[in-house]
Amino acid sequence: MPRIDAPTVAEHRAVRERALLDAARELLTAAPDRVPTLAAVGQVAGLSRSSVYQYYASREDLLRAVVADSFPRWQERLAAGLATAERPAERVLAYVRVNLELVADGEHALARTLASVAASEDLARRSRAFHEELLVPVRAALEELGAADVALTTELINAVVHAASRHVEETGDLERAYASAAAVVEPYLRDLATAAGTA
């Protein structure tokens, strides 16, 4: 029986899978135009190619696992950021802030890379569903504030986030991007909050 590096076989597998996923993320971020080989992923993770095949049958199999791992990570960061915001306007601004922080951390670049190197209808469908789910707290906050057209306003706020995200990706200047995005969004939210009596 092969030597395990954890108290149980299940924990040993979990540690190795985590190492492989992290290695794949690192390689995809460094070279966004190509899918890394299983051998390359194993080398970065400190595992032999034959060991990698015990976890993933192919590069496509590994990519699916990276996608399944990446979406919840983004969602968890967003949920943690929103949890500290008490008022609906604060939750919208927290959405803007956390998304820009994730872009600064390279998560958005990884998501774009995955979409280009692992393009498939399944991935596209999962990506659309994921982004729709991320917008749920923004819609809820706008409804609570009494926005006249929640769906369109949500799209507009998301457009501001996308524009600010491009700035972060191009310059790395998170604070300037957030300050500019907040300068556009915050006065509108303040007016809504005042009208709704939640300011």
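Worth pointing out:
- Residue in the stretch 184-199 that is least open to solvent (accessible area, probe 1.4 Å), counting only those that are under 12 Å from residue 93 (Cα atoms) and not β-branched (Val, Ile, Thr): 189
- Condition check for residue 129: part of a helix (DSSP H, G or I), modelled with pLDDT under 90 and either on the phi < 0 side of the Ramachandran plot or open to solvent by 20 Å² or more (accessible area, probe 1.4 Å) (or both): yes
- Note on the stretch 151-199: residues that are of a type in the set (D, E, K, R) and not in a helix (DSSP H, G or I) total 1.
- In the stretch 66-83, residue farthest from residue 126 (Cα to Cα) [restricted to those that are open to solvent by 30 Å² or more (accessible area, probe 1.4 Å) and not hydrophobic (A, V, I, L, M, F, W, C)]: 77
- Considering (1) part of a helix (DSSP H, G or I); (2) modelled with pLDDT under 95; (3) open to solvent by less than 60 Å² (accessible area, probe 1.4 Å), the lone condition that residue 122 does not fulfil carries the number (3).
- Spans of helices (runs of 4 or more DSSP H) in the stretch 31-111 with at least 2 residues under 15 Å from the mean Cα position of the chain (by Cα), over 24 Å from residue 172 (Cβ atoms) and at pLDDT 85 or above: 59-83
- Verdict on residue 38 being open to solvent by less than 20 Å² (accessible area, probe 1.4 Å) and of a type outside the set (Asp, Glu): yes
- Pairs, first within 18 Å of residue 90 (Cβ to Cβ) and among the β-branched types (Val, Ile, Thr) in the stretch 157-183, second at pLDDT below 95 and open to solvent by less than 50 Å² (accessible area, probe 1.4 Å), C-beta under 6 Å, six or more apart: 161/99
- Looking across the stretch 32-49, the residues that are more than 14 Å from residue 63 (Cβ to Cβ) and of a type in the set (A, V, I, L, M, F, W, C) come down to 39, 44, 45, 47.
- Residue list for the stretch 167-181, restricted to those being of a type in the set (D, E, K, R) and surrounded by 13 or more Cβ atoms within 10 Å (Cβ to Cβ): 169, 173, 176
- Within the stretch 10-66, the residues that satisfy the criterion of being hydroxyl-bearing (Ser, Thr, Tyr) and touching a residue at least 12 places away in the same chain (Cβ under 8 Å) are 29, 37, 51, 53, 55, 56, 58.
The values are calculated or read from the model by the stated rules, or taken from the named source; none is laboratory data. Here the structure is a predicted model, which is why all the values come from computation and not from measurement. Ideal geometry is used to build each Cβ from the backbone, glycine not excepted, and the neighbour counts take in all protein chains shown. What goes into the accessible areas is simple: the full protein's heavy atoms, side chains included, and nothing from ligands, DNA or RNA. Shrake-Rupley method; radii C 1.70, N 1.55, O 1.52, S 1.80 Å.
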